[in-house]
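A short write-up of the structure that comes next.
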Amino acid sequence: MKSFIPKTAVDDLAIFGGPKLYDEELHVGRPNIGSRARFYKMVDDIFERKWLSNKGAYVQQLEARICQLTGVNHAIAVCNATVGLEVVIRALGLTGEVIVPSFTFVATAHSLTWLGLTPVFCDINQDTHTLDSTHLEGLINARTSAIIPVHLWGQCCETGEIERIAEAHNLPVIYDAAHALGTKRFGTLVGGFGAAEVFSFHATKFINSFEGGVITTNSEDLAKTIRLMINFGFAGYDKVVSMGTNGKMNEVCAAMALTNLESFDEFVTINRSNRDQYRRELAGIPGISLFVESAGNTCSDQYVVGMVDSTKSGISRNHIMNIFWAENILARRYFYPGCHQMEPYRTQRADNPPELPVTDLVASQVLILPTGSSVQSEDICRICSLIRFVVENGQAISAMMSENTTN
Ligand code: T4K
């Protein structure tokens, strides 16, 4: 990292030809990596045992660890959360329409479409960024077979109200808990809500298994069905009893997850310290704020969710993002532009697009900032001082960008 030369004039910005703040790209989503020695030892064990996949010892250890961590009776490790969602959707025999938020990673919607179902997009609450239960009932009709809310940013969504509505209409709820390992809502751990919850261990998640995920449920019957389905429907040698796919996690991925789970508390502490530093250093910058979890929620804080209100900052989120990228700070606008604006959904609903004003607004404001164990306190200082400089000079910069760059 070269020494920090703060920007003092608009021309110092890399987007206008000044020197870049970073020689190398600073990413959102850099993987946390626990003890390498421990991981290598486990990989050695795997080679010794010559058991690489299919319900190996480390997969079983991981499943037991997740049951302990979430307080849930059954945990089934899978190759990734997207396949995990697809398997749960099939295991519950869902058909027709399923209600999902549009403001989520596209995997939530795609898992349905991949299976021939139709995602019906619901708006979100502006404060929580999760499914707005007041819009839910209006979307339920005779074709609706389930609801898949998302615990976005690791924050538990409004489970109580969603499940009350679901029960009144006899609909199962599956939670996309990709971001929510270790999340608590008023002391209750995420993992046991609804029919099932699906967590991701993708490289970018604060606990990763390279690629991977886990399904949790308190239903023994559902757990049995899922276990069959992730292994082609095999109930024993030569005995296929149901439809299935290959959704299994392998032993190396399980070893990686177990290694990283050993550092769970350390990673959460780093995330919280980063978040607090961002909060302190961004305080008082007009139009810039950080998303705040709602009362009663505690999560891993794996995302630092910056919000840009351009009516107060004098510069748009997109301009700020372009300035950041020019400086080699690869901040992300998750989950822009919302699934309903992505294909195939945009074209499918071109004649009658869903009205999702809060989704559209929030998707135009969010800027995800780098955090995790790869980010140093000095990086946060640089990022925040860059944001302060950009907002202080917002009008001049916006005018120059409108002239010089396309957005
Ligand atoms: N539901 C929700 C709500 C989700 O957010 C996700 C996944 C899922 C379901 C599905 O879970 P999985 O099937 O993946 O288990 C990334 C991840 O690929 C995706 O898993 C994640 N959500 C999403 C939020 O983020 P992209 O398109 O942003 O990935 P990419 O390649 O741009 O990587 C993000 C950043 O991380 C980059 O700036 C580079 C950095 N990175 C990435 C990888 C893979 C690294 O530094 N090292 C790495 O190894 O989707």
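All of the numbers you see were taken from the coordinates with simple rules; none came from a lab. This one's a predicted model, so the numbers in the text were calculated from it and none came from an experiment. Positions of Cβ are generated from backbone atoms using ideal geometry, with glycine treated the same way; all protein chains shown enter the neighbour counts.
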How many angstrom lie between the C-alpha centres of segment 209-246 and segment 131-169?
26
Can you tell me which of Asp379, Asp12, Asp309 moves the most in a GNM of the chain? Springs connect C-alpha atoms under 10 Å apart.
Asp12
Under a cut-off of 22 Å between alpha-carbon atoms, report the lysines in cross-link reach of Lys312, not counting same-chain residues fewer than 8 places apart.
Lys7
Asp238 and His169 label points (each 7 Å along its Cα→Cβ direction) are spaced in nm at 4.8
Using a 10 angstrom cutoff on alpha carbons, build the Gaussian network for the chain and name the most mobile of Cys381, Cys156, Cys339.
Cys381
Name the residue, out of Asp44, Asp127, Asp276, whose mean-square fluctuation peaks in a Gaussian network model built on the chain with Cα pairs under 10 Å.
Asp44
Flagged links, alpha-carbon separation over 30 Å, of Lys50/Lys239; Lys41/Lys248; Lys41/Lys184; Lys20/Lys205:
Lys41/Lys184
Label Thr113 and Asp351 with points 7 Å out from Cα along Cα→Cβ: what is the distance between them in nm?
1.9
By per-residue mean of other Cβ atoms within 10 Å, what is the highest-first order of 267-273, 77-83?
77-83, 267-273
About its Cα centre, how strong a charge dipole does segment 36-261 have in debye, to the nearest 20, once Lys and Arg get +1 and Asp and Glu get -1 at the Cβ?
840
Rounded to the nearest Å, what's the spacing between the alpha carbon centres of segment 279-319 and segment 12-28? Just the number, please.
22
Please give the FRET efficiency for Asp45 paired with Asp265, using the beta carbon to beta carbon distance and R0 = 25 Å, rounded to the nearest 0.05.
0.55
Taking 0.36 nm per residue of separation between Asp127 and Asp12 and subtracting their Cα-Cα distance, the length gained on full extension comes to 37.8 nm
Length-normalised contact order for the chain - Cα pairs under 8 Å, 6+ apart - percent:
22
Three-way shape call for the chain based on the alpha-carbon gyration tensor, with the a/c threshold at 1.5:
oblate
Please identify which residues in segment 375-390 have an amide N closer than 20 Å to a label point set 7 Å out from the Cα of Asp276, following the Cα→Cβ vector.
375-385
Ranked by how many other beta carbons lie within 10 Å on average, peptides 114-123, 175-184 from highest
175-184, 114-123
